[in-house]
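K.L.:
My questions will all concern the structure given below.
The values are calculated or read from the model by the stated rules, or taken from the named source; none is laboratory data. Remember, it's a predicted structure, so these values are computed and weren't measured experimentally. Positions of Cβ are backbone-derived with ideal geometry, glycine not excepted, and every protein chain shown enters the neighbour counts.
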Protein chains: 2
Amino acid sequence: MEKRSKIPEPTVARLPIYFRCLIELKENGVAVASSEDMAARAGVKASQFRKDLSYFGEFGIQGLGYPVSHLLDRISSIMQLNKEHEVIIAGAGNLGSALLNYPGFQKWGFKITRVLDNNPQKIGKKLGDITIEDIQDIPKNLNSSIGIIAVPASAAQQVAQTLIQSGVKAILNFSGKKISPSKDIVVRNVDMTHELAILTYYLSVENK
Amino acid sequence: MEKRSKIPEPTVARLPIYFRCLIELKENGVAVASSEDMAARAGVKASQFRKDLSYFGEFGIQGLGYPVSHLLDRISSIMQLNKEHEVIIAGAGNLGSALLNYPGFQKWGFKITRVLDNNPQKIGKKLGDITIEDIQDIPKNLNSSIGIIAVPASAAQQVAQTLIQSGVKAILNFSGKKISPSKDIVVRNVDMTHELAILTYYLSVENK
DNA sequence: ATTGATTTGTGAAAAATTTGTCAATATAGA
DNA sequence: TCTATATTGACAAATTTTTCACAAATCAAT
Ligand SMILES: NC(=O)c1ccc[n+]([C@@H]2O[C@H](COP(=O)([O-])OP(=O)(O)OC[C@H]3O[C@@H](n4cnc5c(N)ncnc54)[C@H](O)[C@@H]3O)[C@@H](O)[C@H]2O)c1
Ligand SMILES: NC(=O)c1ccc[n+]([C@@H]2O[C@H](COP(=O)([O-])OP(=O)(O)OC[C@H]3O[C@@H](n4cnc5c(N)ncnc54)[C@H](O)[C@@H]3O)[C@@H](O)[C@H]2O)c1
């Protein structure tokens, strides 16, 4: 089955969960895991785990289960986590700084190479190893394919355009402002305020 | 239609998007918006917007559209955004500090009342108005219903238990570690590393 | 080599969600 | 008051996603 595309987006969103489980199993020295084991760890049904994998090929051994190390390699490769990816952060504020300092990204192969801002007080300052650069001075056609938007909502659209001009093909947008869709650019939005609101909704439902 | 519960979770997840759009419309002085207008702003189909609302009641005027202010009130009330909610942050690290300083939560009625940590070097220090407290000293039965987990993955489960013991009923978990489900506790996970991985997956699909 | 115990991969069924359609209805203007 | 226009609310259809259930495959033991 070599049909990349038209893979259900919920399936894609579960791959990183499986990836994380496999890393844990590998660290624990587990060589083989059944779909039942994996599903329990991942918090899904075993049939769903198997169906998800089936979109990409056959990775298990019937009667036995899945060789952890091999499956990890395959999922790595499917998600491109076997390569390093350069990431640009736009916005050296509270969130941008937290993201920059986060070592977890490195472990998954995400390397933050630039941090951009438009505040003259920040430009030129160092955050860890990285010097904050003026977003206006950013060259076209960098080879970072991923950009993170950590600027205020009011600047999000414009900053998205700047990132795209510099060669970014995928955007993780924390601003809460919708980025108008551009051809061939993948955007994901993370809105923490929404998450809190969803919680309060369910709180009110729980209490009948 | 008074059936709270069994409302599709994608519907619930879109309510905050609609809420945000309505705030914007109200700020722009728009009194009435059609489902077409709303949907375009929210990035969904008009029929979906109408369907989503239909789970909660009838808020529109046929031939005219939706009175912005009234709909905003209703969605506020449905999502409980017409009340203030106290929030406890566990983990006064990079992310916890960013969240604490974020004024956007206040605007939606989320008030961060406590920040907890277990690091003696941090306990007692001030972050803005708030003094970091020892997570071990936290009283039972506080009236914060929401807790945010911003501690390392290895501590997430234990911290979740502590939060629950202190009366928290809903958890926003940033740790990337699954919290084992507890009765009547709502959990949402935000995993930024996963988001980046999903982006790289789609990048590879885009490029055929 | 045969048997028994497992567990995968998948086609089909079921469930959930999205989208299309249109009668009903409200408004504004004649 | 009547008519033309716009737009909702809901039902039905279409699509997507999850779950079921079992034949096929592998292994270990005899
Ligand atoms: N901090 C949080 O916990 C949090 C939570 C939810 C959402 N967010 C969202 O994340 C984004 C960043 O939040 P933050 O708390 O880091 O804000 P912040 O104000 O601390 O930082 C924003 C940074 O962006 C820079 N900036 C502004 N306009 C710019 C432009 N045009 N080009 C380049 N840089 C520009 C500012 O100089 C500042 O350094 C915001 O959109 C916010 O709504 C943050
Ligand atoms: N910083 C980011 O941008 C980012 C991105 C993705 C995920 N995360 C996740 O968010 C969480 C927090 O990240 P961070 O960067 O703020 O980490 P951090 O190390 O900066 O902060 C963690 C804080 O938790 C405290 N802590 C540790 N164990 C504790 C315990 N048992 N009880 C109370 N406090 C405890 C530490 O003292 C520290 O202050 C981590 O799970 C991380 O994986 C962070």
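K.L.:
Report yes if some residue within the stretch B:101-113 is of a type in the set (A, V, I, L, M, F, W, C) and in a strand (DSSP E or B); otherwise report no.
P.N.:
Among the residues of the stretch B:101-113, at least one is of a type in the set (A, V, I, L, M, F, W, C) and in a strand (DSSP E or B), which makes the answer yes.
K.L.:
Can you name the number of the only condition in (1) in a helix (DSSP H, G or I); (2) among the aromatic types (Phe, Trp, Tyr); (3) touching a Phe, Trp or Tyr at 6+ places or on another chain (Cβ under 7 Å) that B:Phe19 fails?
P.N.:
With (1) in a helix (DSSP H, G or I); (2) among the aromatic types (Phe, Trp, Tyr); (3) touching a Phe, Trp or Tyr at 6+ places or on another chain (Cβ under 7 Å) applied to B:Phe19, the lone miss is (3).
K.L.:
Looking at A:Phe49, is it closer than 27 Å to B:Val190 by Cβ, away from ligand 2 (no atom under 16 Å from the Cβ) and not in a helix (DSSP H, G or I)?
P.N.:
When the stated conditions are applied, A:Phe49 does not pass them.
K.L.:
Answer yes or no: is there a residue in the stretch B:71-94 that is modelled with pLDDT of 95 or more, over 23 Å from the mean Cα position of the chain (by Cα) and either in a loop (DSSP other than H, G, I, E, B) or away from ligand 1 (no atom under 16 Å from the Cβ) (or both).
P.N.:
For the stretch B:71-94, residues modelled with pLDDT of 95 or more, over 23 Å from the mean Cα position of the chain (by Cα) and either in a loop (DSSP other than H, G, I, E, B) or away from ligand 1 (no atom under 16 Å from the Cβ) (or both): absent.
K.L.:
Then there's this: For the stretch B:56-70: of the residues being of a type in the set (Phe, Trp, Tyr) and more than 14 Å from every other protein chain (Cβ to nearest Cβ), which is farthest from ligand 1 (Cβ to nearest atom)?
P.N.:
By that ranking, first place goes to B:Phe59.
K.L.:
Looking at the stretch A:63-76, is at least one residue surrounded by fewer than 17 Cβ atoms within 10 Å (Cβ to Cβ) and on the phi > 0 side of the Ramachandran plot?
P.N.:
Yes, some residue in the stretch A:63-76 is surrounded by fewer than 17 Cβ atoms within 10 Å (Cβ to Cβ) and on the phi > 0 side of the Ramachandran plot.
K.L.:
For the stretch A:14-41, how many residues meet the condition of being within 16 Å of DNA strand D (Cβ to nearest atom), without any contact (Cβ under 8 Å) to a residue 60 or more places away in the chain and under 16 Å from B:Val190 (Cα atoms)?
P.N.:
Counting residues in the stretch A:14-41 that are within 16 Å of DNA strand D (Cβ to nearest atom), without any contact (Cβ under 8 Å) to a residue 60 or more places away in the chain and under 16 Å from B:Val190 (Cα atoms) gives 3.
K.L.:
Right, here's the next one. Kindly list the number of the only condition in (1) at negative phi; (2) under 18 Å from the mean Cα position of the chain (by Cα) that fails for B:Gly176.
P.N.:
The one condition B:Gly176 does not meet is (1).
K.L.:
Condition first: in contact with a Phe, Trp or Tyr (Cβ under 8 Å, 6 or more places away or on another chain) and farther than 17 Å from A:Gly91 by Cβ. Now tell me which residues in the stretch A:101-131 satisfy that.
P.N.:
Across the stretch A:101-131, the qualifying residue is only A:Lys111.
K.L.:
For A:Ile112, work out the one condition from (1) more than 14 Å from chain B (Cβ to nearest Cβ); (2) among the β-branched types (Val, Ile, Thr); (3) under 28 Å from B:Ser204 (Cβ atoms); (4) surrounded by 19 or more Cβ atoms within 10 Å (Cβ to Cβ) it doesn't fulfil.
P.N.:
In the conditions (1) more than 14 Å from chain B (Cβ to nearest Cβ); (2) among the β-branched types (Val, Ile, Thr); (3) under 28 Å from B:Ser204 (Cβ atoms); (4) surrounded by 19 or more Cβ atoms within 10 Å (Cβ to Cβ), A:Ile112 misses (1) alone.
K.L.:
Scan the stretch B:42-68 and report the pairs whose first residue is within 6 Å of DNA strand D (Cβ to nearest atom) and whose second residue is in a loop (DSSP other than H, G, I, E, B) and not hydrophobic (A, V, I, L, M, F, W, C), with Cβ atoms within less than 6 Å and a gap of 6+ or a chain change.
P.N.:
The qualifying pairs are B:Gly65/B:Ser34; B:Tyr66/B:Gly60.
K.L.:
Does the stretch B:167-194 hold any residues that are of a type in the set (Ser, Thr, Tyr) and either at pLDDT 95 or above or not assigned by TED's automatic domain parsing to the domain that holds B:Asn118 (or both), and which are they?
P.N.:
Hits for the stretch B:167-194 are B:Ser175, B:Thr193.
K.L.:
Next question. Just one of the numbered conditions (1) within 13 Å of chain A (Cβ to nearest Cβ); (2) crowded, with 19+ Cβ neighbours inside 10 Å is not true of B:Gly167; which one?
P.N.:
(2)
K.L.:
Would you check which residues across the stretch B:181-190 are under 26 Å from A:Ser76 (Cα atoms) and more than 7 Å from every other protein chain (Cβ to nearest Cβ) and list them?
P.N.:
B:Asn189
K.L.:
Considering only residues of the stretch A:52-62 that are crowded, with 18+ Cβ neighbours inside 10 Å and assigned to a helix (DSSP H, G or I), which is nearest to DNA strand C (Cβ to nearest atom)?
P.N.:
Looking at the filtered set, the residue picked out is A:Leu53.
K.L.:
Pairs under 9 Å by beta carbon, first residue under 13 Å from B:Thr193 (Cα atoms) in the stretch A:99-118, partner away from DNA strand D (no atom under 16 Å from the Cβ) and among the basic types (Lys, Arg), six or more apart or different chains?
P.N.:
Pairs found: A:Phe105/A:Lys111; A:Gly109/A:Lys83.
K.L.:
Filter the stretch B:135-150 for residues that are surrounded by 11 or more Cβ atoms within 10 Å (Cβ to Cβ), over 20 Å from B:Asn94 (Cβ atoms) and over 22 Å from the mean Cα position of the chain (by Cα) and give the result.
P.N.:
B:Ile138
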